[in-house]
1. Short version: ³J(HN,Hα) in whole Hz for each residue of region 67-72, in order, from phi by Karplus 6.51 cos²θ - 1.76 cosθ + 1.60 (θ = phi - 60°), x for Gly and Pro, what are they?
2. Provide, as a two-decimal number, the C-alpha radius of gyration of region 1-57 over 2.2 N^0.38 Å, N being how many residues it has.
3. Calculate, in nm to one decimal, what L58 and E219 gain on full extension: separation in residues at 0.36 nm each, minus their alpha carbon distance.
4. Projected area of region 96-167, taken from the Cα convex hull and averaged over every viewing direction, in nm²?
5. When all alpha-carbon pairs of region 77-201 are counted, what percent fall beyond 17 Å?
6. How would you rank 75-85, 135-145, 149-159, highest first, on the average number of other Cβ atoms within 10 Å across their residues?
7. Using the Karplus curve 6.51 cos²θ - 1.76 cosθ + 1.60 with θ = phi - 60°, work out ³J(HN,Hα) for each residue of region 121-131 in order, rounded to whole Hz, and write x for Gly and Pro.
8. Taking 19 Å as the cut-off for C-alpha to C-alpha distance, list the pairs among K9/K128; K74/K132; K74/K128; K42/K161 that go past it.
Amino acid sequence: MSVKRVLTKFSIYSFFLFSGIEYAVILPTLWDYLRLQFGASKWFYGLTLSAFSMANLLVGPIFGLVFDSTHRTKLIVLFANLFEIGGNFMYFSAQSKYMVLGSRFLAGIGAGAGATLFGEVSRMTTQKERTKAFTIMNAVRQMGLVLGPGLNIFLRRLDYKIGPFILNKYTSPGALMVVIWTILELAFLFFFFESPPVDDFVKSQYQQHLERSHQQQAEGSGNNSDNTEVAGKQYIGVNQNSGVQNSNCDSQLRLSEQEKMPLLAEDDSMKDVQIVETKQRSSTPEPQNFMHRVYWLLVEFLRPELVYLLAAFFVVLFNQTSIEVRQQSLWVF
């Protein structure tokens, strides 16, 4: 595995790790921040809490469409991460509860870049590697959710004034995330390298093996013709025409057997990848009008297995958020 590929994966996993840390480090003190600093009510607390997820829900598909059109993952993430930096700085320097609400919405826009990274991982991995990559991405985010609340043990002791800004246990999570997301911005700027799609890589490897095979076959044909000429001179008059025909048949048989051999078998990394030229993909007719387009989208995205998966994912996240919101009153924090 190349160094660039390792650095790229490290940058992607860092994004999901920091995303989990952000969610977990802000949630424990958000209610007290709104209530004690700005006198907000519970309904506003719920609105602020959902602003992050709402922005992610609205912007994530947009970033996904931009990625499908341009495949410029690096630029998309660098642009989206500016919203994370700006939103968390607004959270740190908020002067009203509405600034806190806006800060969480801006941070949610930046988190929408996760859809782009899922698409990038799908492009740069084979089908066998993809499940492992997605598992690691979700695992590091869960690790961030575990580490985030623990950081408040240190942040709660802060009580400083930096110019016009106050750094205390309520504002310090925003300041911490500004530093973390700035580090990620630099990591993507210098250590993220856009990889070619696996299909294109397979095509290039296939073409190289094909050219190498043809070259070897041409050299072998030249040697066979020379040997045939020498043999013909030695056995003049003894089934000369038949001997030439048999030699040509043997040469053609060897060529056909070489063509049938898997050209990518030499490369262990490509054994699990099917060659694109031999893969027959089902073609979906392009929709003709608006109603056909709507029907095509329903058929494409509302498949039973996808609906079941999204429903299970929704239940898990809903229960997780509900328990986290209620834990303060249950444990009398």
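1. Listing the rounded values in order: 5, 4, 7, 10, 6, 9 Hz.
2. Numbers: Rg = 16.8 Å, N = 57, 2.2 N^0.38 = 10.2 Å.
Ratio of Rg to 2.2 N^0.38 Å for region 1-57: 1.65.
3. Numbers: separation 161, 0.36 × 161 = 57.96 nm, distance 6.01 nm.
The span from L58 to E219 would gain 51.9 nm if fully extended.
4. Values: hull surface 28.0 nm².
Approximately 7.0 nm², given one-decimal rounding.
5. Working: 5144 of 7750 pairs.
Result for the distance tail: 66 percent.
6. On the way: 75-85: 19.8, 135-145: 16.3, 149-159: 13.5.
Taking the mean over residues of other Cβ atoms within 10 Å, the ranking is 75-85, 135-145, 149-159.
7. 5, 5, 6, 9, 10, 7, 4, 6, 7, 5, 4
8. Values: K9/K128 16 Å; K74/K132 22 Å; K74/K128 24 Å; K42/K161 28 Å.
Going by Cα-Cα distance, K74/K132; K74/K128; K42/K161 fall outside the 19 Å limit.
Every number here is computed from the coordinates shown, using simple stated rules; none is lab data. In this text, all values refer to a predicted model and were calculated from it rather than measured experimentally. Heads up, the Cβs are rebuilt from the backbone with ideal geometry, glycines too, and the neighbour counts pull from every protein chain shown.
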